[in-house]
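Read through the structure below, which is laid out as structure tokens, and then see the notes.
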Amino acid sequence: MATLIRSKITNKLSNAATSVTNKSQAKVSGMFARMGFQAATDEEALGFAACDDLDYDHRQGLQMDILKTDEVGGGEVGGDGTVEGDSHYQRDGTGPPPSSSKDGGLCSELGGQDKPKITAWEAGWNVTNAIQGMFVLGLPYAILHGGYLGLFLIIFAAVVCCYTGKILIACLYEENEDGELVRVRDSYVDIANACCSPRFPLLGGRIVNVAQIIELVMTCILYVVVSGNLMYNSFPNLPVSQKSWAIIATAALLPCAFLKNLKAVSKFSLLCTLAHFVINILVIAYCLSRARDWAWDKVKFYIDVKKFPISIGIIVFSYTSQIFLPSLEGNMQKPSEFHCMMNWTHIAACILKGLFALVAYLTWADATKEVITDNLPSTIRAVVNIFLVAKALLSYPLPFFAAVEVLEKSLFQDGGRAFFPDCYGGDGRLKSWGLSLRCGLVVFTLLMAIYVPHFALLMGLTGSLTGAGLCFLLPSLFHLKLLWRKLLWHQVFFDVAIFVIGGICSISGFIHSMEGLIEAYKYNIQD
């Protein structure tokens, strides 16, 4: 009897000591997290607390409650026994969306089971559409001021942007106790908030939101401006002004307000890519017809110090896709194919851009203009411009959809921190006033396209700030911050080098764009 009593007392003391040890470890871990020594936020740390006995008991009780609810009224428990609250951390995204999320509506919009998923090919078409944009037509102009260095920069920018896209997605994941990668963040904003917490938990997300909105909206404005300008130059004899053509283009873009998911956007991206290939084929075919007159001796190793920084902005901005990547990766049926998709899209873009820029420059040499289609004969120019307008209109939905996602999440679906009531009803349908706001955004792009006279320089200024920041500076900085303990020395070197080079390009492009704006207003130069 005495032995039995002594054994029970020993067990109780041992359990009490274990409980005290666990609580002490939790307090110490929390203290270090508040001091900034732990990259993960408090919400993310809860996802990895399964090893704690108290947490295990809590989860077991929660699972029993859900099972009871399912027996009574149909709860949400997966076929493999996964609890609803844990589905947020599944790698393949097959589980049901969490009932509540820190990200508000964006997570459920992009990761919900009821939303159609896209294949790796469809995601590749979206990325190709983003990095084979209208700025491709300005690449021969970059060769004019950069020579062989411009060609090298086209290759270098492809490598860097592909790398930063991968490390940005890597920041969405953390390892659990079993060494498996689980997705603990859903967007660019989540990554920024994780880096700035616990001292400034919302600062990083707000900075990224502002940068994303500026770049996305300005991209939409650019497509409207280009559409009006190209149509006006294609049919100069018609009594239709450039502003009127811009209004007609905007009327064709109003259905974008009804977009619900990326599945429809992928179809537009496919058509846009096909239009882009037709444009390239027409321009390259004309250039090949004049291959005997190519001026190889005009390609130099020198650069125009004053104008080449603007060319750098053109090349870098032509590879911009980072702001779309978290949404695309979250919508993929097989996220494990993301890296392969990034590789082939950027390799293809690098080859096509390099060949297009070199062949076009060899054809016109020092007479190369900012938009290469302006060098074409009038008959061919009209045909190419029509395809360019089609490409611009088909490119519009992707940045517009992304801008709407950011605005709705920030202003209407941010839980208790939202500035306005939710724009979606209880059944998930968009309210009428929410649809009106989307239409208002389309109209806003039209007004900006009409009343901003020097949009090309303004776009260069915006790209130097937001483009370099979102593609170079922030991904490398976030990668160093969140995954510092797991990075190898060469990864640290790459991140630091990209951050330094991106900072130099951003500052240089900003200064020269400001000089161009001042000069344009001073001498009343029209675009």
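The values are calculated or read from the model by the stated rules, or taken from the named source; none is laboratory data. It should be emphasised that the depicted structure is a prediction, and the values quoted were computed from it without experimental measurement. Please note: Cβ atoms are built from the backbone with ideal geometry, for glycine as well, and neighbour counts cover all protein chains shown. Ligands, DNA and RNA are stripped out before the accessible areas are found, and what is left, the full protein with its side chains, is counted by its heavy atoms. Shrake-Rupley method; radii C 1.70, N 1.55, O 1.52, S 1.80 Å.
Values for this structure:
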{"read-out": "Matching residues, the range 292-311, being in contact (Cβ under 8 Å) with a residue 24 or more places away in the chain and out of contact with any Gly (no Cβ under 7 Å at 6 or more places or on another chain)", "value": "Asp293, Trp294, Ala295, Trp296, Lys298, Asp304, Lys306, Lys307"}
{"read-out": "Residue within the range 488-507 that is open to solvent by less than 20 Å² (accessible area, probe 1.4 Å), in a helix (DSSP H, G or I), among the hydroxyl-bearing types (Ser, Thr, Tyr) and at pLDDT 90 or above present", "value": "no"}
{"read-out": "Number of positions in the range 274-291 that are at pLDDT below 90 and not aliphatic (A, V, I, L, M)", "value": "3"}
{"read-out": "Filtered residue count, the range 294-318, keeping only those that are among the hydrophobic types (A, V, I, L, M, F, W, C) and either touching a strand residue (DSSP E or B) at 6+ places or on another chain (Cβ under 6 Å) or in a helix (DSSP H, G or I) (or both)", "value": "8"}
{"read-out": "Single residue of the range 347-399 satisfying the filter (in contact with a Lys or Arg (Cβ under 7 Å, 6 or more places away or on another chain) and either within 23 Å of Lys300 (Cβ to Cβ) or at pLDDT 85 or above (or both)) that is surrounded by the most Cβ atoms within 10 Å (Cβ to Cβ)", "value": "Thr363"}
{"read-out": "Some residue of the range 424-435 being at pLDDT below 75, open to solvent by 50 Å² or more (accessible area, probe 1.4 Å) and aromatic (Phe, Trp, Tyr)", "value": "yes"}
{"read-out": "Yes/no for Pro309 being farther than 23 Å from Val224 by Cβ, modelled with pLDDT of 85 or more and open to solvent by less than 30 Å² (accessible area, probe 1.4 Å)", "value": "no"}
{"read-out": "Subset of the range 222-270 (residues that are of a type outside the set (A, V, I, L, M, F, W, C), open to solvent by less than 70 Å² (accessible area, probe 1.4 Å) and at pLDDT 85 or above)", "value": "Tyr223, Ser227, Gly228, Ser241, Ser244, Thr250"}
{"read-out": "Enumeration of residues in the range 330-346 that are under 22 Å from Arg183 (Cα atoms), buried (at least 18 other Cβ atoms within 10 Å of the Cβ) and not polar (S, T, N, Q)", "value": "Gly330, Met332, Pro335, Phe338, Met341, Met342"}
{"read-out": "Boolean, Phe419 is at pLDDT below 85, farther than 30 Å from Tyr523 by Cα and buried (at least 19 other Cβ atoms within 10 Å of the Cβ)", "value": "no"}
{"read-out": "Failed criterion for Leu483 (all others in (1) modelled with pLDDT of 90 or more; (2) open to solvent by 40 Å² or more (accessible area, probe 1.4 Å); (3) under 24 Å from Tyr188 (Cα atoms) hold)", "value": "(2)"}
{"read-out": "Index of the failed condition, Gly467 passing every other in (1) assigned to a helix (DSSP H, G or I); (2) open to solvent by 30 Å² or more (accessible area, probe 1.4 Å); (3) out of contact with any Pro (no Cβ under 9 Å at 6 or more places or on another chain); (4) modelled with pLDDT under 85", "value": "(2)"}
{"read-out": "Cβ pairs under 7 Å, 6+ apart, first in the range 187-215 and within 13 Å of His479 (Cα to Cα) and open to solvent by 10 Å² or more (accessible area, probe 1.4 Å), second of a type outside the set (A, V, I, L, M, F, W, C) and at pLDDT 90 or above", "value": "Cys195/Lys481"}
